[in-house]
């Protein structure tokens, strides 16, 4: 992408995001809103949920406003139809932007749920930018024939509405998934999320033998893989001094409103007990930004266990802190982790992860990979580069 134009207009930009909580997708939205505001644009964020006690600090008193709309529609129906409800909630947000927001936006930034795109195209004259973190259809498992039909409809809606945006920003997996858009000759821009680096904490308590997992307490994140891999590491390499003094920390987002978060947290505790790792494994729920930075500072490696995950901000955070990553050889990590240089990409098996962890338990190996990881992130994924590129995109989009 070209650099930011020298002469720019002060644009009015709105964000349409389903749930402004804590997570990689939310981090991207917050970073994008902050960066666009820092370039002199007026920015407003619209969302269906925003808990001021469980959010990124920039969303409270930051350089942009946050407005909640559509929260009256449920997040699920009898604990099902989550995707459908997310579609409806984002459509309600889009309608609110069109009818209730008393201003005209030059650009509306939509992410995660593309169903909002045609509503904005129909009801506003704004240019609509859609950021596709990862095609939703690749995350959904077909549990039954009826569910497969349900997903087929939603998948068709996702592809159709995604193609209606004026501008698409995507990860590389996009075109392989949306074949019909590829046949139409649609060429979106590959655009990576950003990361705020905190160099002062990189060296804080460096050299501790802590294996760290950062992810929400959801079953699809495969956190049990980290526990089983750590157990396998203890069993096969117990004589290795660094391994015998190692621990595993599972830290992640935890929403007490969600039954799955509560249930899976208990399931992981039971797994730890079954493997006799009570003194070696700790679960940390809903940790603060300061705790996150401190944990990254003392880790010798970060484990990222989701399979076929979307881009994933955690591997970038880990590498930015000078920590190598052990991740599944699928999805987003294949774009961010340089196998054998900034970390290891492995099959989703406990023995494979344990073998990689054994290598990274060596302080020299971990330090060298961590150094390469940080240089890789600085070169490719800095927030400044992200902000300049994104501002350039919206400036050009507004002029078309």
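Things to note:
- The value for the stretch 44-87 of Rg(Cα) / (2.2 N^0.38 Å) is 1.36.
- Helix 289-298 axis, angle to the chain major axis (alpha carbon atoms, nearest 10°): 40
- Part-to-part distance (alpha-carbon centres) for the stretch 319-374 and the stretch 226-279, which is given in Å: 19
- C-alpha long axis of helix 145-162 to longest principal axis of the chain, angle in °: 60
- Convex hull projection area averaged over all views, the chain, Cα basis, nm²: 19.5
- Helix 350-360 vs. the chain, principal-axis angle (Cα, 0 to 90°, nearest 10): 80
- Estimated distance in nm for a label pair at residue 400 and residue 78, the labels positioned 7 Å out from Cα along Cα-to-Cβ: 4.4
- Residues 90, 266, 328, 237 in ascending order of nearby Cβ atoms (within 10 Å, fewest first): 266, 237, 328, 90.
- Stretchable slack from residue 99 to residue 184, in nm (0.36 nm times residue separation minus alpha-carbon distance): 27.4 nm
- Between the beta carbons of residue 259 and residue 10, assuming R0 = 41 Å, the FRET efficiency works out to 0.35 to the nearest 0.05.
- Each peptide among 12-19, 217-224 gets the average number of other Cβ atoms lying within 10 Å of its residues, and from highest to lowest they stand as 12-19, 217-224.
- Look at 400, 59 and count the other Cβ atoms within 10 Å of each Cβ; fewest to most, that gives 400, 59.
- Gained length - residue 52 relative to residue 339, 0.36 nm times residue gap less alpha-carbon distance: 99.5 nm
- Debye equation applied to the C-alpha atoms of the stretch 199-380, log10 I(q)/I(0) at 0.11 Å⁻¹: -0.41
- Residues 93, 313, arranged from fewest to most other Cβ atoms within 10 angstrom of their Cβ, appear as 313, 93.
- Reciprocal of mean inverse Cα separation for the stretch 34-123 (Kirkwood radius, Å): 14.2
None of the figures in this text is laboratory data; all of them are computed from the coordinates on show. Since we're looking at a predicted model, the values are computed, not measured. Backbone-built Cβ (ideal geometry, glycine too); neighbour counts: all protein chains shown.
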